[in-house]
Amino acid sequence: MVQRPDPLESTPPAFGEGAARQILREGFGVESSSLRLLAGERDQNFRVDTAGGQRFLFKISNPADDGPILAMQAAALRHIEQVDPGLPVMRAIPTVAGESWVDVPGPDSRTYPARLFTFLPGQVIANTALTTEAIWSHGQTTARLGRALRGFFHPAADYEILWDITRLPELRRLLTHVSDGPRRAQVEWVMDRFEARVAPALPGLRAQVIHGDMSLDNVLFGADLRVSGIVDFGDMTHAPLVCDLAVAVADVLHGRDDAIEAADALIGGYVSVTPLDDEEAGLLADLVAARLATEVTVTAWRCGLYPDNAAYAASGEPGARAFLDAIEAMGIDAVARRFREACHRLPYQRSATSDLLERRRRVLPRSPLFYSRPVHLVRGEGVWLFDPDDRRYLDCYNNVPVVGHSHPRVVQAVTQQQRLLATHSRYLHEAIVELAERLRATLPPELDAVMVVNSGSEANDLAWRIARAATGRAGAVVTGYAYHGLTEATHALSPEEWARGEHPAHVATIPAPDGYRGPYRRGDDGWVQRYAAHLDDAARALGDRGFAAIYLDPAFTADGILSPPPSYLQEAARRAQALGGLVVADEVQAGHGRSGTHLWSFQAAGIVPDMVVMGKPMGNGFPVAALVVKSELLEAVPEEVELFSTFGGNPVACAAALAVLAVIEDEDLVASAGKVGSYLRQGLLALAERHSLIGDVRGEGLLLGVELIDEARGPAAGDAHKVTEAMRERGILLSATGPAGNVLKIRPPLVFRPEHADLLLQALDEVLASS
C-alpha cells in the first residue's frame, strides 16, 4: 500500500489570477481571455476562456498528489477514451513539452502540479432538481465508468485515501472532532456494524480501480438532465466495485427528503449496465451508511483544520446527517432489503398482486396457479423464493432449479454465451458437442446417441416417434397415473392429465408399484415382481397395435412418489424386452442426482434402458432437454426424416446444461441429496409417530412423499390440500400428488441443507398438530 500525505491535511493551492495566466501561457501555450475560479475542496480549479472561443478546465493540484498519482489519472483518462469513447470525461491537454502536467513553484515555496483539460458542457445541478430519469442516468453513467475502468490498473492505484469507505474504521481517530454526542454515537454505530459485517466480506468482493467520487460536485448535467460531463478523478483508488455505487447513492441523494426512495432509480440505472452479485447487493446499504459517516466525520475534522474553507467543506454535511437519520429511522436492515431488491429489480415488479392476478385471469384463463392465495414471486436465491415485499419462501417443491435458484455459475454461463452467440444447432458449435459427450459419459455405453431439444414433453414425444419406427408397433404401456408430457402424443401417455372417461386406445395402463395402498404390499414375498407381471397383460391388451414401449418414471412421482426397490425396474425391463418392447426411462423428475445415489435414478437398478429422457432441471430454469438413445434404434428412422429442433441445442441452452452438470459434480450434490434426504426422511418418520394423519413416508434422496390418511386409513386428499395451504402461509412451499391427491410432494433444490429440513419439519409439525 502506497503511503502519501493526505490532500485533506495539506493546505490547498492559492495562486493568484496573474500567476495562473502565466502558467497557462508558459506551460501550455494558452492565452486566456478570462479566468473564473471554481469551487474545490483540495485543488484550485479555473474555467479558462480564450479569445478564439476555446474553453478549458485548468487545475492546480494539491501537492500531496504526487507524480505517480497524476500519472495514474492521466493513464486512466486515456484508457477510458479508448474503451468507451462515448463517456463524457475530460480529455487531457498536453503541456508545451508534451507532458501530462507541469510542476510550478507556489507562493509558499511548495511545488504544485498544474494540468489542463477540455471543458465539458453542462452544469452542476442541485439534487432536489433531479428527476427520476436524471437519477437513473447518473446511475447508468457511474456503471459505464466502472466498466470502462474494469481492465485498467496502475501501481499508484494501491494507495490510501481518506475518502475510501473501506477504511472507515480508521476514522475513529477523528471522532473527537464530532462534538455532537448523539451524532458521534450514530457514527460509532455505523463503524461498529461495518467492522462486524462489512469488513470481513470485502476481500471476497470483485475489486478494481474505481472513480470513487461520482458526487454532484464532479458531475455535470445537460439541459435534458442527463449526465454530460465527469470532471474530477482525484479520488481514484483500487477498491470493491460496489463502493462506486455506494458513494454515488450517498453523495448524489443526501439532502433529499426521499433519499432512500430515490436510491431505487440510481441503483436501477447502475444495475441496468452492471448487475451486482448477491453479496454486493446485500452490503450496499452498509456501504452507503459508511460513506455518510465518513462525510460527517471528515467534515467535522476539516472544519477545525481549515476554518476559512468551512463553508465549502461542510456544504454536504447536513444532507449526510439527514440521510443517516432516515436510514436509522427505517432500520438499516430494512434499507438493506430495499436496496437489495432494487439491485435485482425487474420490470415485472410494478404490479400489485391483486391487479396482476386479475390481469392473468383475463388473458391466461386456462393457466393454473398453486394455492388459493397465489404466491407472487419476483426473485429466487438458492432454496429461497421472494415476493415483492421481500418475504421469503422455502422452496420444497420445485425441481427445475435443481442446483438452486439463480445459481451464479449457471447465470454466468448463460449470460456469457448469450453475449456471444444464440442460434440453432444447424451451425457447427462446440457447446452442443461437449454437452452430448458429457451426457454420454454419465450413462451406460450402449446409450450413445444424443438429441437435444427444448422440453421433457418434446423429448418424450421424440422417443415415441423412434419407438414406433424401431419396433413397427403402435402401442404404449404406462403406469396408472403417470405424467410424461403435454404434447398430443405425450398427453396420451399421461393418465394424470386424462379427462374423465378418456383412455386412448393405443395406450394400456398397469398399476404403479404402490407398496402401501396397492393390491401388493411392501413386505409381501415377490410384491414388486407381481406388479411388474401386469406388463404381460397390458401388452396383450394392445392387440394388433403391438407393444412398442413402456414409459417409466423410476420414482413414479405422479403415481404418488413410490420409489420401489431396484428389483421392480429389473423385472419390468426384463419383461418388456422379452415382449419386444423398448424401455424409456423418464428422468425428468427423478434425474440429475435427485435420488441421492446416482445421477440418473434408473442406475440404482443396474438396467440399461433403450432411451433416457431428461428435461425440467437440465438447464436450472433455462429451457433445455435431451433424449439419449441406443444409436441402432435410429437406423429405423428414414434418413430423410430430420430429428431436429430449431432451438433445441442452441449454444445458450447447452451452456446452461453444462453448467448444471458441473455444479452437481463440483458441489457433490448427489451425495448431499442422499445425506440430507435421509435426514429429512428420518424427521418425517418421527412426525409420523406423533401424527396419525401421516400414513406413509417414502421416497429416496430429495424426492419424498408423505401420504396423508383419514381415520379409516383412506386417502385424505382434503387434508393434503389444507396442509399445503397452511404451509404456504408459514412460508414453506409444497404440493400434493398421487391419484387421490393425498401425498405431500417434497422435491426441493439439491442445495437443500439440514437446517432447511429442520424448518420444513418444524412447520409441518405445527400444521399437523392443528389439523
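The values are calculated or read from the model by the stated rules, or taken from the named source; none is laboratory data. Because the structure is predicted, anything quoted here is derived from the model rather than measured. FYI the Cβ positions are ideal-geometry reconstructions off the backbone, even for glycines, and counts take in every protein chain you see. These area figures cover heavy atoms from the full protein model, side chains too; ligands, DNA and RNA do not enter into them. Shrake-Rupley method; radii C 1.70, N 1.55, O 1.52, S 1.80 Å.
The residues of the range 430-450 that are touching a helix residue (DSSP H, G or I) at 6+ places or on another chain (Cβ under 7 Å), part of a helix (DSSP H, G or I) and buried (at least 19 other Cβ atoms within 10 Å of the Cβ), listed by number, are 431, 432, 435.
Within this structure, residue 665 passes the test of being under 26 Å from the mean Cα position of the chain (by Cα) and surrounded by fewer than 19 Cβ atoms within 10 Å (Cβ to Cβ).
Residues are listed down the side, and each one gets a yes or a no for (1) assigned to a helix (DSSP H, G or I); (2) open to solvent by 20 Å² or more (accessible area, probe 1.4 Å):
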{"site": "422", "(1), (2)": "no, yes"}
{"site": "460", "(1), (2)": "yes, no"}
{"site": "484", "(1), (2)": "no, no"}
{"site": "501", "(1), (2)": "no, yes"}
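Residue 228 fulfils the conditions (1) assigned to a strand (DSSP E or B); (2) crowded, with 21+ Cβ neighbours inside 10 Å except for a single criterion, (2).
Given the criteria in contact (Cβ under 8 Å) with a residue 24 or more places away in the chain and open to solvent by 60 Å² or more (accessible area, probe 1.4 Å), does residue 121 qualify? Don't jump to the end; show me each part of the working.
Numbers: in contact (Cβ under 8 Å) with a residue 24 or more places away in the chain: yes; open to solvent by 60 Å² or more (accessible area, probe 1.4 Å): yes.
So residue 121 fits the description; yes.
Candidates are the residues of the range 598-650 that are in contact with a Ser or Thr (Cβ under 7 Å, 6 or more places away or on another chain) and in a helix (DSSP H, G or I); the one that is surrounded by the most Cβ atoms within 10 Å (Cβ to Cβ) is 601. Just to be sure, is residue 183 in a helix (DSSP H, G or I), over 19 Å from residue 301 (Cα atoms) and either touching a residue at least 12 places away in the same chain (Cβ under 8 Å) or among the aromatic types (Phe, Trp, Tyr) (or both)? Answer is no for this residue. Can you name the residue in the range 462-482 that is assigned to a loop (DSSP other than H, G, I, E, B) and not charged (D, E, K, R) and, of all such residues, is least open to solvent (accessible area, probe 1.4 Å)? For the range 462-482, the residue satisfying everything is 482. Among the residues of the range 36-69, those identified as within 44 Å of the chain's Cα centre (by Cα) and of a type in the set (Lys, Arg) are 42, 59. Any residue at all in the range 598-611 that is touching a Phe, Trp or Tyr at 6+ places or on another chain (Cβ under 7 Å), aliphatic (A, V, I, L, M) and in contact (Cβ under 8 Å) with a residue 40 or more places away in the chain? No, the range 598-611 contains no residue that is touching a Phe, Trp or Tyr at 6+ places or on another chain (Cβ under 7 Å), aliphatic (A, V, I, L, M) and in contact (Cβ under 8 Å) with a residue 40 or more places away in the chain. Answer yes or no as to whether residue 70 is touching a Phe, Trp or Tyr at 6+ places or on another chain (Cβ under 8 Å) and open to solvent by 10 Å² or more (accessible area, probe 1.4 Å). Taking the combined requirement at face value, the residue does not satisfy it.
Would you say residue 104 is more than 26 Å from the chain's Cα centre (by Cα) and either assigned to a strand (DSSP E or B) or under 26 Å from residue 46 (Cβ atoms) (or both)? Quick ask: steps written out before the conclusion?
Working: more than 26 Å from the chain's Cα centre (by Cα): yes; either assigned to a strand (DSSP E or B) or under 26 Å from residue 46 (Cβ atoms) (or both): yes.
It is true that residue 104 is more than 26 Å from the chain's Cα centre (by Cα) and either assigned to a strand (DSSP E or B) or under 26 Å from residue 46 (Cβ atoms) (or both).
Determine whether the range 379-398 contains at least one residue that is touching a residue at least 12 places away in the same chain (Cβ under 8 Å) and assigned to a helix (DSSP H, G or I). No, every residue in the range 379-398 fails to be touching a residue at least 12 places away in the same chain (Cβ under 8 Å) and assigned to a helix (DSSP H, G or I).
Taken as a whole, the condition of being charged (D, E, K, R), surrounded by 23 or more Cβ atoms within 10 Å (Cβ to Cβ) and touching a Gly at 6+ places or on another chain (Cβ under 9 Å) applies to residue 251.
Go through 523, 518 for me and flag whichever is modelled with pLDDT under 95 and open to solvent by 50 Å² or more (accessible area, probe 1.4 Å).
Numbers: 518 fails: open to solvent by 50 Å² or more (accessible area, probe 1.4 Å).
That would be 523, the only listed residue that is modelled with pLDDT under 95 and open to solvent by 50 Å² or more (accessible area, probe 1.4 Å).
If you go through the range 155-196 and keep only what is touching a strand residue (DSSP E or B) at 6+ places or on another chain (Cβ under 7 Å) and not acidic (Asp, Glu), you end up with 156, 157, 159, 161, 166. Entry remark, the range 188-220: residues being open to solvent by less than 20 Å² (accessible area, probe 1.4 Å) and part of a helix (DSSP H, G or I) number 5 in total.
If I ask for residues that are open to solvent by 60 Å² or more (accessible area, probe 1.4 Å), without any contact (Cβ under 8 Å) to a residue 24 or more places away in the chain and under 16 Å from the mean Cα position of the chain (by Cα), which ones from the range 399-420 would you list? Step through it out loud before you land on a result.
Step one: list which residues in the range 399-420 are open to solvent by 60 Å² or more (accessible area, probe 1.4 Å), which gives 406, 408-409, 411-412, 416, 418-420.
Filter again for without any contact (Cβ under 8 Å) to a residue 24 or more places away in the chain, leaving 411, 419.
Across the range 399-420, the qualifying residue is only 411.
Residues of the range 231-247 that are of a type in the set (Gly, Ala, Ser) and in a loop (DSSP other than H, G, I, E, B): 234 alone. Take the range 363-375 and flag every residue that is out of contact with any helix residue (DSSP H, G or I) (no Cβ under 9 Å at 6 or more places or on another chain) and assigned to a loop (DSSP other than H, G, I, E, B). Within the range 363-375, 364, 365, 366, 368 meet the criteria. Do we find that residue 658 is modelled with pLDDT of 95 or more, of a type outside the set (Ser, Thr, Tyr) and closer than 19 Å to residue 401 by Cα in this structure? Yes. If a residue has to be touching a helix residue (DSSP H, G or I) at 6+ places or on another chain (Cβ under 9 Å) and open to solvent by 30 Å² or more (accessible area, probe 1.4 Å) to count, how many in the range 671-691 make the cut? Counting residues in the range 671-691 that are touching a helix residue (DSSP H, G or I) at 6+ places or on another chain (Cβ under 9 Å) and open to solvent by 30 Å² or more (accessible area, probe 1.4 Å) gives 4. So, in the range 695-735, exactly how many residues are surrounded by fewer than 22 Cβ atoms within 10 Å (Cβ to Cβ) and on the phi > 0 side of the Ramachandran plot? Within the range 695-735, residues that are surrounded by fewer than 22 Cβ atoms within 10 Å (Cβ to Cβ) and on the phi > 0 side of the Ramachandran plot number 2.
Of everything in the range 552-578 that is outside any loop (DSSP other than H, G, I, E, B) and of a type in the set (A, V, I, L, M, F, W, C), the residue that is farthest from the chain's Cα centre (by Cα) is 578. Filtering the range 736-756 to residues that are surrounded by fewer than 24 Cβ atoms within 10 Å (Cβ to Cβ), more than 14 Å from residue 392 (Cα to Cα) and under 25 Å from the mean Cα position of the chain (by Cα) leaves 751, 753, 754, 755.
Of all the listed residues (49, 103, 108, 43), the sole one being in contact with a strand residue (DSSP E or B) (Cβ under 7 Å, 6 or more places away or on another chain), among the charged types (D, E, K, R) and over 22 Å from residue 229 (Cα atoms) is 103.
Only one residue in 409, 360, 345 is out of contact with any Phe, Trp or Tyr (no Cβ under 6 Å at 6 or more places or on another chain) and either closer than 30 Å to residue 185 by Cα or part of a loop (DSSP other than H, G, I, E, B) (or both), so which one is that? Outline the logic, then answer.
Details: 409 fails: either closer than 30 Å to residue 185 by Cα or part of a loop (DSSP other than H, G, I, E, B) (or both); 360 fails: either closer than 30 Å to residue 185 by Cα or part of a loop (DSSP other than H, G, I, E, B) (or both).
Just a single option satisfies the conditions, and that option is 345.
For the range 107-117, enumerate the residues that are surrounded by 15 or more Cβ atoms within 10 Å (Cβ to Cβ) and not basic (Lys, Arg).
Restricting attention to the range 107-117, the residues satisfying the condition of being surrounded by 15 or more Cβ atoms within 10 Å (Cβ to Cβ) are 112-117.
Listed by number, the residues that qualify are 112, 113, 114, 116, 117.
One residue stands out in the range 136-162 among those that are of a type in the set (Gly, Ala, Ser) and in a helix (DSSP H, G or I): the one that is surrounded by the most Cβ atoms within 10 Å (Cβ to Cβ), namely 139.
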